[in-house]
Amino acid sequence: MTALEGPGKPPLAVLLCSPRGFCAGVVRAIDTVERALAVYGAPVYVRHEIVHNRYVVESLRAKGAVFVEELDEIPETQAPVVFSAHGVPRSVPEEADRRRFFTLDATCPLVTKVHREAEIHARRDREIVLIGHAGHPEVIGTMGQLPAGTVTLVETVADAAAFAPRDPERLAFVTQTTLSVDDAAEIVALLKRRFPAIAGPHKEDICYATTNRQEAVKRVAPQVDAMIVVGAPNSSNSRRLKEVAERAGCTRAALVQRAADIDWNLFGAIRRLGITAGASAPEVLVEEIIDAFAERYAVAVETVSAADEDVFFPLPRPLRESEAAE
C-alpha cells in the first residue's frame, strides 16, 4: 500500500479497481486521430465524439481535430474524415464515398464484429433482436447496417417479454458491447426461454473490457463506503459501472468527469473509497481525483485486480502503411 500522508487528515483507504480506464478500442480510436494529425496535419474531421469523454475530445480539438455530428457539416476537403469508435450506419460511409472523402474508420473491432454477425443473420433470413439502449451511437450504427425493420431493439426485460417475432424459428440476437453484463444476461435468458431456437453470437458480444471493469467493481463495491466512477454522463459503459456498484452494495456511487465535479457532501465521514474509470476515461483523470481526496484525507491506495488485459488492435490500414513507409 502506498500512503500519501497528511497531518491531521482523517485516514482514507482507496481501493482502485483494475482494470479500469482505456480499453484497446478506445486507444485505437484516439491513436487514429492523433496519428492522422501527425501524418496529414490539421484539420482532421471526426464524425461524433471519437470516444465519450470531454477531456479526450477537448485535447484532440486543441491539436486540430474538428468534431461534427454529421458529414454535411464538413466542407469539400481532402482532409481525413474519421468515424468514431462507436461505429456508424452504412449510409455514412456511402455518403463519404459519394463526396470522395478520405476516410479512416476508427470503429472498435468488437463493434464491427457485432455488425458482421447481424449481417450474417440477415443473410440467413433471421429476424434480429438487438439488446441495447435507444439513441446510443453504437445502437444507431448497428441498426443502420441493415434495412429498416430488419432489427428490433429490446432495451429491458419487459421489452423481451412483449416481443412478438414474425417467426420464432427464424430469430437471432446481438447485443450492444457496453451493456451491464447482468442485465443483458437476464434479457437473453428470457428470450431463450420464450424462443428456444433463437441464435446468439458464437462469442459474447459484450466486450472484454466492459466485462472486466464490471467484475472489478463487483469485487470492490461491497468493501467500501462510497464509489467514484470516472467517466462521462453520455458514456454507456461508465453509467453501467455506477449501476453495478449500487447493485453490488455500495449505495453511495457517483459518476464524475473530473475532480472539480466531485460533490464533497456525498463523501463525509467515509473510511473506504472505491475508484474506477469507464473505458473512455484517461488515467490522468483518475490521478486527479485521487489527488483531490489526498488534499482532504490521509490516503492509502490499494489496487484490486479482476483481470489482466493485453488486447491490442492495429490502426486503420492507411495509417499502418504510413508508419511502415517512415
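The numbers here are math on the coordinates, done by the rules we state, and not lab data. Model, not experiment: these values are computed from the prediction. Neighbour counts run over all protein chains shown; Cβ positions are idealised from the backbone, glycine included.
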Expressed in nm to one decimal, what extension gain is obtained for the pair HIS202 and ARG219 from 0.36 nm per residue of sequence separation less their Cα-Cα distance? 3.3 nm
Could you give the size of the charge dipole of the stretch 24-108 about its Cα centre, using +1 on the Cβ of each K and R and -1 on the Cβ of each D and E, expressed in debye and rounded to the nearest 20? 240
Sort PHE67, PHE173 so the one with the fewest other Cβ atoms within 10 Å of its own Cβ comes first. PHE67, PHE173
Compare the Cα positions of PRO93, PHE195, GLY278 along the charge dipole of the chain (+1 at Cβ of Lys, Arg; -1 at Cβ of Asp, Glu; about the Cα centre) and return the one farthest towards the positive end. PHE195
Please name which of TYR45, VAL82, ILE30 has its Cα lying farthest along the dipole of the stretch 24-108 towards the positive end, using unit charges on Cβ (Lys, Arg +1; Asp, Glu -1) and the Cα centre as origin. ILE30
Taking the chain and counting helices only, DSSP H stretches of n ≥ 4 at -39,500 (n - 2.57) each over all residues, the nearest-500 ellipticity at 222 nm comes to -11500 deg cm²/dmol
Compute the label zone of ARG320 within the stretch 25-53: residues whose backbone N is under 20 Å from the point 7 Å along Cα-to-Cβ. 25-40
For a footprinting-style exposure proxy, rank MET143, MET227 by other Cβ within 10 Å, fewest first. MET143, MET227
So for the pair ARG90, ASN265, with labels modelled 7 Å out along Cα→Cβ, what separation do we get in nm? 5.1
Run the reach check for LYS203 against lysines, Cα to Cα strictly under 29 Å, same-chain hits fewer than 8 apart removed. What comes back? LYS113, LYS192, LYS218, LYS242
Charge-dipole axis of the stretch 110-194 as Lys and Arg at +1 and Asp and Glu at -1 on Cβ define it, positive-most pick from PRO137, VAL151, ILE120: ILE120
Label-point gap, in nm, between ASP182 and GLU58 - each point 7 angstrom along Cα→Cβ: 3.4
Can you compute the modelled spin-label distance between PHE102 and VAL157, with each label point 7 Å from Cα toward Cβ, in nm? 5.3
